[in-house]
1. In this structure, does Tyr293 turn out to be farther than 20 Å from Leu212 by Cβ, touching a residue at least 60 places away in the same chain (Cβ under 8 Å), of a type in the set (Ser, Thr, Tyr) and out of contact with any Lys or Arg (no Cβ under 7 Å at 6 or more places or on another chain)?
2. Could you check how many residues of region 280-294 are more than 9 Å from the ligand (Cβ to nearest atom) and within 26 Å of Ala238 (Cα to Cα)?
3. Of all residues in region 126-142 being assigned to a loop (DSSP other than H, G, I, E, B) and open to solvent by 40 Å² or more (accessible area, probe 1.4 Å), which is nearest to the ligand (Cβ to nearest atom)?
4. Scanning for something under 26 Å from Thr270 (Cα atoms) and in a loop (DSSP other than H, G, I, E, B), does region 1-8 turn up at least one residue?
5. List the number of the failed condition for Arg61; all other conditions in (1) in contact (Cβ under 8 Å) with a residue 24 or more places away in the chain; (2) outside any helix (DSSP H, G or I); (3) not β-branched (Val, Ile, Thr) hold.
6. Look through Arg181, Arg167 and report the one residue that is over 27 Å from Asp327 (Cβ atoms) and either of a type outside the set (A, V, I, L, M, F, W, C) or more than 15 Å from the ligand (Cβ to nearest atom) (or both).
7. Hey, can you tell me all the residues within region 256-279 that are among the hydroxyl-bearing types (Ser, Thr, Tyr) and either within 13 Å of the ligand (Cβ to nearest atom) or over 20 Å from Leu148 (Cβ atoms) (or both)?
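The values are calculated or read from the model by the stated rules, or taken from the named source; none is laboratory data. Just so it is clear, the structure is predicted and the values come from calculations on it, not from any experiment. Using ideal geometry, Cβ is built from the backbone for each residue, glycine included, and neighbour counts are taken over all protein chains shown. Ligands, DNA and RNA are stripped out before the accessible areas are found, and what is left, the full protein with its side chains, is counted by its heavy atoms. Shrake-Rupley method; radii C 1.70, N 1.55, O 1.52, S 1.80 Å.
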Amino acid sequence: MTDPLRGWRLKFQAPKGVSEYFPPRSSSFEIVRDRLLAPAKAAGYQLIELPVFEDTELFTRGVGGSTDVVMKEMYTFEDRGGRSISLRPEGTAGVMRAVIEHGLDRGQLPVKLFYSGPFFRAERPQAGRYRQFYQVGIEAIGVEDAALDVEIISIAQRGFTSLGLNRFTLKITSLGDADSRSAHREDLAAFIATLPLDEETKARAERNPLRLFDDKRETIRSAMSSAPILLDYLTPAARSHFERVRNLLDTLGIAYEIDPRMVRGLDYYTGTTFEFVHHDLGAQSGIGGGGRYDGLMKELGGQPLSGIGFGLGIDRVLLACEAEGVDLADSESLDLFLIPLSEVAQSEALLLASEIRKTGLRIDIAFGERGLKGSMKAADKRGARYVVVIGEDEIANRQVNIKEMSSGESESIRLVASEIAAKILR
Ligand code: HAM
């Protein structure tokens, strides 16, 4: 491909369908990621950092053989030792593997973990759907308490609202316990048997009949509109857990819609499941989702502990912020831009910057010989709040002008780090 701006042929391009972040947008990506993580940290979740590839069978067993994610979307390859390896399509199975392997479930419960990083699904690329994308996730393992479900949901909610997002809806449902699901499955299978389905869809329905609720084809959608709904089959225990979740959400003032036909794309879900849907994102509207997975740990060879968590799509949350016109750059712009006009001034600027940075203020220096005009332009482009020019006179008099870029006003101030910092912080 010829680059239209530069006119020469690009030798290399990123693989198709990946998301990449570089300045200036990378700072918005960073802000989104950090703000989504902050409420989890505040609630006592701790970092878990895991490999991006795992034994393929972990995902086949954990995520489930009936899912698109496992059937069609995994990047699977043989490593040099002949083992089947897959790039992680999601985070929960890996977290459970690590919890079991390292015995994290032998201590205080619930085990509360957070992570963020890249995930991989060979989907058809489109706006908001990538083959390498980024998630922030949390998992709480070992306590089956409705209050924990609500803590998880409220952490996601707080992440979104702390970014200033408004135009999203929380959808919840319950997939019940094993008894609820097997009663429902029987009736659903009988219902599905009456439908004229092709062989592939039939085979899929046999593996997991709930998958048909998620089928995008219009004929199947309309056929499924009269199918039996799992919420109507909840056992008394599952029903009361779900009621408590709803009551606690009401107590916290978190608005939600019940969506009894919601089917998550992964097979491990049980009980409370949820999705956050943004209204300005078109087809790829899911900005986050999660739920309980009470059978997963046992399935992967651990003790039969319950779990609940979520994954939030950083790429899509960033798109949602942009769609809502949220100004992410504002809080992260430069506080001060220093413009040294000579070599002596440059060492003065380096010293000054390293002193003032200790206060947490964000400072950059004009490097290279751009001249005063070029440097002022750079300061403007970087959104610097204040600019200080350091020349021979300034060093001789130990006095500089600090210019506020928004008003254009200047003030003379001593060339002392603490005084300059105080002026900016005032
Ligand atoms: P998931 O719903 O498959 O859940 O993914 C979570 C979020 O990741 C989605 O809501 C979406 O924002 C984002 N996402 C998924 N696929 C893509 C893609 N191809 N491109 C861009 N963004 C994408 C999980 O992954 C579960 N592990 C969440 C969970 C944790 N459940 C319990 N614990």
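1. Yes; evaluated as a whole, the condition is true for this residue.
2. 1
3. So, considering only residues that are assigned to a loop (DSSP other than H, G, I, E, B) and open to solvent by 40 Å² or more (accessible area, probe 1.4 Å), the one nearest to the ligand (Cβ to nearest atom) is Tyr130.
4. no
5. Every listed condition holds for Arg61 apart from (2).
6. The conditions single out Arg181.
7. If the condition is that a residue be among the hydroxyl-bearing types (Ser, Thr, Tyr) and either within 13 Å of the ligand (Cβ to nearest atom) or over 20 Å from Leu148 (Cβ atoms) (or both), then Tyr268, Tyr269, Thr270, Thr272, Thr273 are the ones that fit.
Residue by residue, here is whether (1) closer than 20 Å to Gly94 by Cβ; (2) touching a strand residue (DSSP E or B) at 6+ places or on another chain (Cβ under 8 Å) holds:
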site	(1), (2)
Gly107	yes, no
Tyr115	yes, yes
Ala122	yes, no
Gln132	yes, yes
Asp145	no, no
Ile153	no, yes
Ser162	no, no
Leu165	no, yes
Phe168	no, yes
